[in-house]
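Here the structure comes first, spelled out in structure tokens, and everything after it is commentary.
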Amino acid sequence: MTLDTDYDVLARMALVPRVLEARGLDATPKIQKRFMHSEFNAMVGILDIIFFDEINHVKIGNTWFHYLCKQRNIEPLSAFDKLVKKHIGNKLRGSFNIEARKLANFSKQELEYLERI
């Protein structure tokens, strides 16, 4: 996806942090549950560090995405929808970690969009 979006920083900020990196926010709690009662339970704490670091990465990407939309006078949700359809199609599915995405500054409308697709 990083190569697919090298033509435009807006596309890059819409998809790399807000889709690729944000999937880590969705997956990490499930992975932690698997490690919790295993011989590798120390991984839970390590994954916590990565998880909270990833929230900040996604938040920074969100900030830049919204900045670029404002600069170009583009409505963010429409731009995101268009770019998701162009680059991902209907493959963006799964359970989303809504609370983590809120911490990463996803708007209510963006979260509702994710739940609809």
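For region 1-22, give me the residue count where each residue is under 14 Å from residue 101 (Cα atoms) and free of Cβ contacts under 8 Å to residues at least 24 places away in the same chain.
Going through region 1-22 one residue at a time, the tally reaches 1.
Residue by residue, here is whether (1) without any contact (Cβ under 8 Å) to a residue 60 or more places away in the chain; (2) within 15 Å of residue 17 (Cβ to Cβ); (3) not basic (Lys, Arg) holds:
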position	(1), (2), (3)
62	yes, yes, yes
70	yes, no, no
74	no, no, yes
77	yes, no, yes
81	yes, no, yes
90	yes, no, yes
95	no, no, yes
99	yes, no, yes
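Condition first: surrounded by fewer than 18 Cβ atoms within 10 Å (Cβ to Cβ), under 14 Å from the mean Cα position of the chain (by Cα) and acidic (Asp, Glu). Now tell me which residues in region 53-91 satisfy that.
53, 81
Can you find a residue that is touching a helix residue (DSSP H, G or I) at 6+ places or on another chain (Cβ under 9 Å) and under 19 Å from residue 101 (Cβ atoms) anywhere in region 35-45?
no
Could you tell me whether residue 51 is of a type in the set (Phe, Trp, Tyr), farther than 15 Å from residue 106 by Cα and without any contact (Cβ under 8 Å) to a residue 40 or more places away in the chain? Write out each step before concluding.
On the way: of a type in the set (Phe, Trp, Tyr): yes; farther than 15 Å from residue 106 by Cα: yes; without any contact (Cβ under 8 Å) to a residue 40 or more places away in the chain: no.
Taking the combined requirement at face value, the residue does not satisfy it.
Given the options 10, 47, 25, name the one that is crowded, with 18+ Cβ neighbours inside 10 Å, over 14 Å from residue 117 (Cβ atoms) and more than 15 Å from the chain's Cα centre (by Cα).
Matching residue, one of 10, 47, 25: 47.
Could you look through region 92-117, keep only residues that are closer than 16 Å to residue 27 by Cα and of a type in the set (Lys, Arg), and pick out the one that is nearest to the chain's Cα centre (by Cα)?
Filtering region 92-117 for residues that are closer than 16 Å to residue 27 by Cα and of a type in the set (Lys, Arg), the one nearest to the chain's Cα centre (by Cα) comes out as 101.
No value in this document is a laboratory result; all are computed from the given coordinates. Note that the coordinates shown come from a computational prediction; the quantities given were computed from them, not determined experimentally. Using ideal geometry, Cβ is built from the backbone for each residue, glycine included, and neighbour counts are taken over all protein chains shown.
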